[in-house]
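The values are calculated or read from the model by the stated rules, or taken from the named source; none is laboratory data. Just so it is clear, the model here is predicted, and its values are computed rather than measured. Cβ placement follows ideal geometry from the backbone for every residue including glycine, while neighbour counts extend to all protein chains displayed.
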Amino acid sequence: GANFFAGASVQQLLPQKLVFTADPTEFSTGKEVPHIFLTTGYRFFVAEDIAMTPSIMVKQVSPTPISIDANLKVAFRDRLWIGGSYRKNDSFSALAGVNINKTFNITYSYDFTTSQLNTVSNGSHEIVLGIQLNNVYEVMSSMKMW
């Protein structure tokens with residue numbers, strides 16, 4: 001139905017060699033590898049004005065282990081939302097957002113690092129300005145979107 005969603009995407013589909021310096025004696029090469037993302041989720045209403053959307057995202061970047069995110073978003077009156085995300089053995093995130101109008105929304109999130117990287121990273125902040133193009137039905141928020 002209209003409440004179920006799934007998606008797939010690939011970044012860097014064709015691997016590319018990277019060279020960071022003109023001196024070939026330095027260790028300065030790398031390789032862009034494909035990043036594969038799969039996501040799915042379901043939106044259901046717990047009250048007339050409150051929708052919950054649990055979802056998962058699986059990310060594969062060879063040769064690293066597969067990464068799995070478990071997410072939950074709660075939306076109020078198609079206007080405000082809060083949510084959280086957990087990435088196995090790595091981090092968890094908190095986020096909040098608001099629909100400014102039928103075209104723009106803004107989201108803030110904070111990522112808490114729980115892996116060994118927390119010795120060099122205290123987490124990260126993210127601010128997103130969302131733009132909904134071709135919103136012909138003038139829906140305030142596509143509540144399917146994370």
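Residue pairs whose Cβ atoms lie under 6 Å apart, sitting 6 or more positions apart in sequence or on different chains, and linking a residue in region 25-40 that is within 23 Å of PHE5 (Cα to Cα) and part of a strand (DSSP E or B) to a partner that is at pLDDT 80 or above and among the hydrophobic types (A, V, I, L, M, F, W, C), are HIS35/VAL61; ILE36/VAL10; LEU38/ALA8; LEU38/VAL58; THR39/MET57; THR40/ALA6. Only one entry in PRO63, PRO54 is part of a loop (DSSP other than H, G, I, E, B), without any contact (Cβ under 8 Å) to a residue 40 or more places away in the chain and out of contact with any helix residue (DSSP H, G or I) (no Cβ under 9 Å at 6 or more places or on another chain), namely PRO63. How many residues does region 82-105 hold that are more than 27 Å from GLN12 (Cα to Cα) and either under 15 Å from the mean Cα position of the chain (by Cα) or at pLDDT below 95 (or both)? So the count comes out to 14.
Which one is modelled with the highest pLDDT, of the residues in region 8-52 that are among the small types (Gly, Ala, Ser) and surrounded by 12 or more Cβ atoms within 10 Å (Cβ to Cβ)?
GLY41
Within region 61-81, the set of residues being modelled with pLDDT under 95 and among the polar types (S, T, N, Q) comprises SER62, THR64, SER67. For region 53-85, a residue qualifies if it is loosely packed, with under 15 Cβ neighbours inside 10 Å, touching a Ser or Thr at 6+ places or on another chain (Cβ under 9 Å) and not aliphatic (A, V, I, L, M), and the qualifying residues are ASP78, ARG79, GLY84.
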